[in-house]
Amino acid sequence: MTTTDNLLSADLSMGTVMLKVGDMATMSDYYQTALGLDVVAEADGGQYLGRGATPLVHLQPAKGLHIPGRGEAGLFHTALLFDDQASLAATVATAAQYNPRLFAGSADHLVSEAFYFTDPEGNGIELYWDRPRSEWRWDGSAVVMDSLALPPQGFLDQHLTEASVTGQRDAAAAVGHVHLQVGDVQTAQQFYVDTLGFERTAGWHGQALFVSAGGYHHHMAMNVWNSRGAGPRKDTLGLGEVLIQLPGRDDVGALAQRLAHHKIAVADTGAELVFLDPWHNRIRVSVES
């Protein structure tokens, strides 16, 4: 049973998601043109793309690697969170215009409204905004979510404005959550809840797990919809690293102790931890800058 002594900080946030990419030019164009992100920094041949000074996605060249198979563990989607429906609508519009075939669906999840896309190398992307927390419903410790119809054109007709289009790149965005494909949900719960210290906020018929800190609907999720029984990942294109940000060194130190107790191999600098989950997804935890 998770206690307050071994929970991750309620002030946790998700940081930059690193993707290993085969075609930098095509991928960079997609994230800039379709998603309205700007190059925030460049390093080692790669690019950090985001809004303002906040990097959201790190594209790192990895020529020679192959795109992972549909049933392999790894990234399900990176979810970019917008402050309001107008800002969300502006980026949904540019993403849909870029290549309509990369649109993968939409849903009203009760806590949020979400639109799904796939980038040119098969990485999933969610674009969403949250309804106010006062409107979320809880059943005990579980947040009530659903997947109701959300017609894209109706959403754009209602919320897309000239101001949101012209101000698209000035509108804030953040990595709201990261959703992974894993081999089994029970092992995911043992690692992300019992070891790391997230709280379980929802499940889905034994096929998915949603976890968070501080009462958010989910900072991370894991599912087996395509990947049930998947083993540790090979080195492929796609997910390179998930960054979790904690408010202080004490929070990082407490997590380091939990990982050591559970005999998880960790590279520990004091301010930063790097380790692998059971499917060899690389997780980095650092003090929020």
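Filtering segment 214-233 down to residues that are assigned to a loop (DSSP other than H, G, I, E, B) and either at pLDDT below 95 or among the hydrophobic types (A, V, I, L, M, F, W, C) (or both), which residue is surrounded by the fewest Cβ atoms within 10 Å (Cβ to Cβ)? It comes out as TRP225. So if I check each of GLY215, GLY154, GLY176, which one is out of contact with any Gly (no Cβ under 7 Å at 6 or more places or on another chain), of a type in the set (Gly, Ala, Ser) and closer than 30 Å to VAL39 by Cβ? Selected residue: GLY176, the only one of GLY215, GLY154, GLY176 that is out of contact with any Gly (no Cβ under 7 Å at 6 or more places or on another chain), of a type in the set (Gly, Ala, Ser) and closer than 30 Å to VAL39 by Cβ.
Per-residue answers, yes or no, for (1) at pLDDT below 95; (2) acidic (Asp, Glu):
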position: GLN186; (1), (2): no, no
position: ALA202; (1), (2): no, no
position: GLY206; (1), (2): yes, no
position: SER212; (1), (2): no, no
position: LEU239; (1), (2): no, no
position: VAL252; (1), (2): no, no
position: GLU272; (1), (2): no, yes
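Checking each residue in segment 5-39 for being assigned to a helix (DSSP H, G or I) and either in contact with a strand residue (DSSP E or B) (Cβ under 9 Å, 6 or more places away or on another chain) or buried (at least 21 other Cβ atoms within 10 Å of the Cβ) (or both) picks out MET24, MET27, SER28, TYR30, TYR31, GLN32, ALA34. When SER141 is tested against (1) touching an Asp or Glu at 6+ places or on another chain (Cβ under 9 Å); (2) within 29 Å of GLN257 (Cα to Cα); (3) surrounded by 13 or more Cβ atoms within 10 Å (Cβ to Cβ), only condition (3) is not met. Taking SER289, is it farther than 27 Å from GLY71 by Cβ and in a loop (DSSP other than H, G, I, E, B)? Judged against the criteria, SER289 is a match. Here HIS219 fulfils each of the conditions (1) touching a helix residue (DSSP H, G or I) at 6+ places or on another chain (Cβ under 6 Å); (2) within 15 Å of LEU81 (Cβ to Cβ) apart from (1).
Per-residue answers, yes or no, for (1) of a type in the set (Ser, Thr, Tyr); (2) on the phi < 0 side of the Ramachandran plot; (3) touching a helix residue (DSSP H, G or I) at 6+ places or on another chain (Cβ under 9 Å):
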residue: PHE210; (1), (2), (3): no, yes, no
residue: GLY238; (1), (2), (3): no, no, no
residue: LEU243; (1), (2), (3): no, yes, no
residue: LEU246; (1), (2), (3): no, yes, yes
residue: ALA256; (1), (2), (3): no, yes, no
residue: ALA267; (1), (2), (3): no, yes, no
residue: PRO278; (1), (2), (3): no, yes, yes
residue: VAL287; (1), (2), (3): no, yes, yes
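The rows are residues; the columns are (1) small (Gly, Ala, Ser); (2) more than 17 Å from the chain's Cα centre (by Cα); (3) over 24 Å from LEU239 (Cα atoms).
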position	(1), (2), (3)
PRO68	no, yes, no
GLU72	no, yes, no
SER87	yes, yes, yes
SER112	yes, no, yes
GLU121	no, no, no
GLY124	yes, no, no
ALA142	yes, yes, yes
ASP146	no, yes, yes
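Can you spot a residue in segment 46-62 that is more than 30 Å from ALA142 (Cα to Cα), among the basic types (Lys, Arg) and in a loop (DSSP other than H, G, I, E, B)?
No, segment 46-62 contains no residue that is more than 30 Å from ALA142 (Cα to Cα), among the basic types (Lys, Arg) and in a loop (DSSP other than H, G, I, E, B).
A residue that is of a type in the set (Ser, Thr, Tyr) and farther than 22 Å from SER147 by Cβ can be found somewhere in segment 10-17. Scanning segment 118-147 for residues that are within 19 Å of HIS159 (Cα to Cα), touching a strand residue (DSSP E or B) at 6+ places or on another chain (Cβ under 6 Å) and not aliphatic (A, V, I, L, M) yields a count of 4. Residues of segment 90-127 that are within 13 Å of LEU35 (Cβ to Cβ), out of contact with any helix residue (DSSP H, G or I) (no Cβ under 7 Å at 6 or more places or on another chain) and crowded, with 21+ Cβ neighbours inside 10 Å: ASN123, ILE125, GLU126.
The values are calculated or read from the model by the stated rules, or taken from the named source; none is laboratory data. Just so it is clear, the structure is predicted and the values come from calculations on it, not from any experiment. A quick note on method: Cβ atoms are made from the backbone with ideal geometry, for glycine too, and the neighbour counts reach across all protein chains shown.
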